[in-house]
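Have a look at the structure below before the remarks.
The values are calculated or read from the model by the stated rules, or taken from the named source; none is laboratory data. Remember, predicted model here, so these are calculated numbers, not experimental data. Cβ atoms come from the backbone with ideal geometry, glycine included; neighbour counts cover every protein chain shown. Accessible surface areas use protein heavy atoms only, side chains included; no ligands, DNA or RNA. Shrake-Rupley method; radii C 1.70, N 1.55, O 1.52, S 1.80 Å.
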Amino acid sequence: MFRRERSIPLRGSAAPLVNNLTVLQLPARNLTHFGVVHGPNAQLLSAAPDGVPLAQRQLLAKEGAGVSPPLITQVHWCVLPFRVLLVLTSHRGIQMYESDGSTMVYWHALDSGDASSVQALFARGIAASGHFICVGTWSGQVLVFDIPAKGPNIVLSEELAEHQTPITDIATEPAQGQDGLADMVTADNSGLLCVWRTGPEFTLLTHIPGLGVPCSSVQLWQGIVAAGYGNGQICLYEATTGNLHVQINAHARAISALDIAPEVGKLLSAAEDTFVHIWKLSRSPESGSIEVEHCHGECVSDTQVCGARFCEPSGSSFAVTGYDLAEILRFTSV
């Protein structure tokens, strides 16, 4: 069971974007950082364990070539082996900051050369793998940036071009040195999933065909791909083969966020139907097939939920954002 804790106030509210919440826990300092997108702003907040807000910062999207401030599409903390960067995507480009948002270390402008005059340029879908940060784009390309141990000498090292429609989300998990293991999955507007092995060169392992609806959020855990779709379904696939193991009619409306608690295999799902659910993933000891158990459901009344994240790897608490909701809701297990 989970109980509602003290909420964290926002200066604005959360924009109606999928995956509109990022969380970074700093156990050594007993702090948790939260990031939320609202229009051309990204709000960063630090909070103590009891939810008392300690610091706030606002970041603006870099304007690039244009007359109006570009809208931010996502903000996400990328935890690399040697540093943490905050990555912000918008309709103009990709911005990378030191983890507290104080210093911008890299700016990548989106190239409109591939777009028609009616296409909207944007980047969306952010994940870190090893010393790489991967960012999706409107064209379906995934840009791979090689990140140095310190400093701003970030290099665009590879462009992955397996998708034909805009990227919606990217998920990674440490491969722990096992050759051939899937450690990244990319999702797009058609529902197509691509499973990759990362490294000096990224290798495509398999395609997982779409369901005819967008895949709005995706997670990867111990060789299991969890994908949330615009029809409210969650599908669990074997990462290496793409075989479908479980299909759950989890929500009544489009899924807006998935997250995983890697220490325990709990999956958090949130949707526009006002509900947040927690599921336990596991494998059958006999057959090795993927199994799922429903653990908890929470209704956030009269709220179009647009972001949800566990606050620590053990899954003992989670946070939720909603469209037009001027606070981050917090829930803790009891």
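For segment 291-334, a Kirkwood radius taken over Cα pairs fed into Stokes-Einstein (10 °C, viscosity 1.306 mPa s) yields D = 137 µm²/s.
Measuring only protein heavy atoms, the 1.4 Å probe finds His38 accessible over about 70 Å². The lysines within cross-link reach of Lys62, meaning a Cα-to-Cα straight distance under 30 Å and a gap of 8 or more places when in the same chain, are Lys150.
Under 10 Å, Cα contacts only: if you run a Gaussian network model on the chain, which one of Glu162, Glu298, Glu201 comes out with the highest mean-square fluctuation? Comparing Glu162, Glu298, Glu201 in the GNM, the peak value goes to Glu201. What the Cα atoms of segment 1-125 give is an Rg and a Dmax of 15.7, 52 Å.
Across the alpha-carbon atoms of segment 234-334, the computed radius of gyration and Dmax are 14.2, 48 angstrom.
Can you tell me which lysines have their Cα less than 20 Å from the Cα of Lys266? Leave out same-chain residues fewer than eight positions away. Answer for Lys266, where 20 Å is the Cα cut-off: Lys280, listed by chain and number.
Normalising by residue count, the chain has a Cα convex hull of 134 Å³ per residue.
Taking 0.36 nm per residue of sequence separation and removing the Cα-Cα distance, the Asn153/Ala55 pair yields an extension gain of 32.4 nm. Of the peptides 99-105, 248-254, the order by per-residue mean of other Cβ atoms within 10 Å, starting with the highest, comes out as 248-254, 99-105. State the dimensionless ratio Rg/Rh of segment 129-226 (Rg: radius of gyration of Cα atoms; Rh: Kirkwood radius). Rg/Rh: 0.96.
The share of Cα pairs per 10 Å bin across segment 174-288, counted from zero up to the longest distance, runs 14, 46, 32, 7, 0 percent.
Taking only C-alpha pairs under 8 Å that are 6+ residues apart, what is the relative contact order of segment 184-301 in percent?
On the way: 294 pairs, mean separation 18.5, N = 118.
For segment 184-301, the relative contact order is 16 percent.
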